[in-house]
Each structure stands twice: as structure tokens, then as C-alpha cells.
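To keep things clear, I will list the structure first and then write my remarks on it.
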Amino acid sequence: MSETILVNIQVNGVEQKKHVEPRIHLVDFLRDTLGIKTSRVCCEHGVCGACTVRLDGEIVRGCLVLAVQADGHEIETIDGASDRGDLTDLQAAFHAHNSMQCGYCTPGMLLTASDLLAQKPNATRAEVREYLSGNYCRCTGYQAIVDAVCDVQKQRQLAAASL
């Protein structure tokens, strides 16, 4: 049996104290230890975005972060963001535009799109496409995803202008 380390991680607002092997990646900790399956494992090299989570509010690839590195930090998966209602308009737009087909990339895509809208609320369509390019989608060709994000961006701009 290998050595384990006790980590204390806040996941979706719930404190988690667990012993983990030092080599376990955050996405594997979420999936295998905590049973949170919405963070996907795909490339395991940080290039596809399927394992995207928020670490202290910043978008990271869960396959590139060790669980022990997250000790003392806050992790949010799509489940936490959805439960708070932060993604309601994005989720509705993805549905309206049929932006998800197999759904495998959707959790990471939604978190990344949410980050984009927070960081660059006036992004051009080309900037939206570029920002999302690190999250692979093999089914949609991105057109519907970009349409959905741009629609939410416009809705938010109109809502802000009417205040």
C-alpha cells in the first residue's frame, strides 16, 4: 500500500476530508473518491477540456492538478455552478440551439463559456470561438455552441443596458 495524504478540499460548497495517494489527479479524486462523474476524463493531457473545473474561481484542467495540490482550496464542478443557478441562461441557450449532442464536452464547455462571459462580456464572435477552442467537441462543429454563447452575451448586455 502506498502512502496517503489527508486533504481538506471544499467541493461544491461541501468540506471533504479524504486520504489520497499523492499521484491522484483532481479529476480522478472527484470521480473515483467523491463520485462526481460530471467532470470527465478524456485525453488526460490537458488539451480537451472535458475535465474542466473551477479552482478558487479559476478555470483549470482537473487532469493537470493533483488532488494534494487542491488541499485547502475550493473546487467547483458543473454541479455546484448549476445548483447555484449561475448557468441557467447558458444551459437554456445550449438547449435552444441544440448545442449539445453526446453531452460529453458540455460540463467543461459550460464552465468555460461562463468564465468567458465573466472575463470578456463584450467578446466578439471570433473571440468567443477562440476562448472555447481549448474545449473539444467532436459532435457539433462549435457553430451552435458559439451561437448559444453569443445569444446569452446579447441577452446580458440588453439586461444591463435596461438598468
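What follows draws every value from the coordinates through simple rules; no lab data is involved. Predicted model only: the values in this text are computed from it and were never measured. Backbone-built Cβ (ideal geometry, glycine too); neighbour counts: all protein chains shown.
What you get for the chain, charging only the Cβ of Lys and Arg (+1) and of Asp and Glu (-1), is a dipole of about 400 debye around the Cα centre. Using Cβ point charges alone (K and R +1, D and E -1), the dipole size of the range 103-163 about the Cα centre works out to roughly 40 debye.
Other residues with beta-carbon under 15 Å from the beta-carbon of Ile59 carry, at +1 per Lys or Arg and -1 per Asp or Glu, a net charge of -3. Considering every Cα-Cα pair within the chain, what fraction, in whole percent, is farther apart than 23 Å? Summing the P(r) tail past 23 Å for the chain gives 39 percent. Would you please state which residues of the range 131-163 a label at Gln119 would reach in this model, taking the label point 7 Å out along Cα→Cβ and a backbone N cut-off of under 15 Å? Correct set: 131-136.
Size check on the range 5-81: the Cα extents along the three principal axes, sorted descending, read 29, 26, 20 Å. Quick check on the chain: helices-only [θ] at 222 nm, where DSSP H runs of length 4 and up contribute -39,500 (n - 2.57) each and the sum goes over total residues. Nearest 500, please. About -10500 deg cm²/dmol.
For Gly62, the amide hydrogen comes within under 5 Å of the amide hydrogens of Cys51, Thr52, Val53, counting only partners 5 or more places away or on other chains and with H modelled in the peptide plane.
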